[in-house]
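Undergrad: Following this message is one structure expressed as structure tokens.
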């Protein structure tokens with residue numbers, strides 16, 4: 001089912017703060033009302049409405065960057081500004097965006113695309129894309145195709161933007177070897193006495209160790225290019241047109257960084273192919289939906305195919321296994337360390353999360369060769 005952002009009214013104090021900050025941006029018209037948007041778990045997001053002289057009303061997104069999560073919010077903003085400006089430039093020149101709509105930042109009165117507000121924090125203002133909806137779970141192959149096409153279009157649009165133009169705001173975000181080393185350190189320390197209960201999970205991970213460096217080794221050999229990547233390729237970061245149900249654009253660009261296209265596609269495979277909850281206890285519900293994978297491939301290659309290398313296509317199936325393994329290790333590390341990074345609501349939740357990821361990784365490994373051949377076949381048929 002579609003997911004629409006829930007909003008709630010603002011307190012008088014927050015309303016005054018939001019109005020004061022919104023008026024610092026280059027928004028035409030008179031401020032009418034602001035609402036808090038209850039979507040996402042990191043930044044504080046508000047939807048504000050302005051009225052023009054002719055009575056027309058327009059809505060905008062006002063957002064405060066969480067500087068507890070993003071230690072250098074100015075670097076985040078420079079990355080976002082760089083990427084959105086490049087995408088909008090290409091969209092205006094070549095109309096290569098998806099549905100004719102793109103994210104745009106509005107200038108602040110300082111001349112930058114961000115400003116500070118009362119009580120601190122970095123604020124920014126986006127256009128609000130009307131008539132759109134999101135999904136939390138991929139329900140069918142059409143949605144999978146459209147999600148793949150959306151993230152593929154993003155990769156295509158930034159493919160000629162040098163990765164050196166943006167900075168790495170989360171160092172070693174997808175460095176699987178370092179995630180493994182952190183896990184081994186947590187096992188060695190075993191500060192909460194939990195290592196004895198995860199021996200089967202550790203055995204599986206150790207059995208996969210020879211795969212951890214595969215992509216980075218291909219980078220060193222010059223077979224995989226460093227690109228600008230999104231790094232949060234969940235389906236709920238794709239806006240769908242409410243009438244046509246076609247993808248419009250991707251959102252949530254705070255984690256754009258230099259990386260590999262395979263990290264993005266692999267995370268899309270991880271999040272889209274398995275219908276079970278991330279912390280599902282019943283592992284029989286964890287299913288690799290191969291037809292969903294195939295639709296992701298078809299959509300992604302439809303838009304990104306022209307800019308991808310043969311090696312990138314060949315590793316598309318493996319990328320899903322690697323990212324599932326990597327996140328499984330991160331969840332398991334946090335379980336061993338006492339649940340200090342990922343938020344938990346019950347005992348053993350991070351262990352359940354780890355087990356679902358490792359279960360999916362195992363299923364991808366079993367089907368990987370057939371999935372690889374399918375991606376290559378689709379690419380060659382283009």
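Undergrad: Out of 215, 202, 223, I need the residue that is in contact with a helix residue (DSSP H, G or I) (Cβ under 7 Å, 6 or more places away or on another chain), modelled with pLDDT of 95 or more and under 21 Å from residue 166 (Cβ atoms). Which one?
TA: Values: 202 fails: under 21 Å from residue 166 (Cβ atoms); 223 fails: under 21 Å from residue 166 (Cβ atoms).
Only one candidate passes the filter, namely 215.
Undergrad: Do we find a residue being in contact with a strand residue (DSSP E or B) (Cβ under 7 Å, 6 or more places away or on another chain), at pLDDT below 95, assigned by TED's automatic domain parsing to the domain that holds residue 236 and outside any helix (DSSP H, G or I) anywhere in segment 107-118?
TA: No, segment 107-118 contains no residue that is in contact with a strand residue (DSSP E or B) (Cβ under 7 Å, 6 or more places away or on another chain), at pLDDT below 95, assigned by TED's automatic domain parsing to the domain that holds residue 236 and outside any helix (DSSP H, G or I).
Undergrad: Yes or no: residue 204 part of a helix (DSSP H, G or I) and either touching a residue at least 24 places away in the same chain (Cβ under 8 Å) or closer than 22 Å to residue 307 by Cβ (or both)?
TA: Yes; evaluated as a whole, the condition is true for this residue.
Undergrad: Does residue 70 qualify as being in a strand (DSSP E or B), crowded, with 16+ Cβ neighbours inside 10 Å and under 25 Å from the mean Cα position of the chain (by Cα)?
TA: no
Undergrad: Give, as residue ranges, the helices (runs of 4 or more DSSP H) completely inside segment 285-382 that count at least 2 residues that are assigned by TED's automatic domain parsing to the domain that holds residue 147 and closer than 30 Å to residue 192 by Cα.
TA: Fully inside segment 285-382 and qualifying: 316-336, 349-381.
Undergrad: Sticking with this structure for a sec: Tell me which strands (runs of 3 or more DSSP E) are completely within segment 226-281 and hold 1 or more residues being farther than 20 Å from residue 144 by Cβ, or say none if there are none.
TA: 227-229, 257-259
The values are calculated or read from the model by the stated rules, or taken from the named source; none is laboratory data. Quick caveat, the model's predicted, so the values are computed rather than measured. Please note: Cβ atoms are built from the backbone with ideal geometry, for glycine as well, and neighbour counts cover all protein chains shown.
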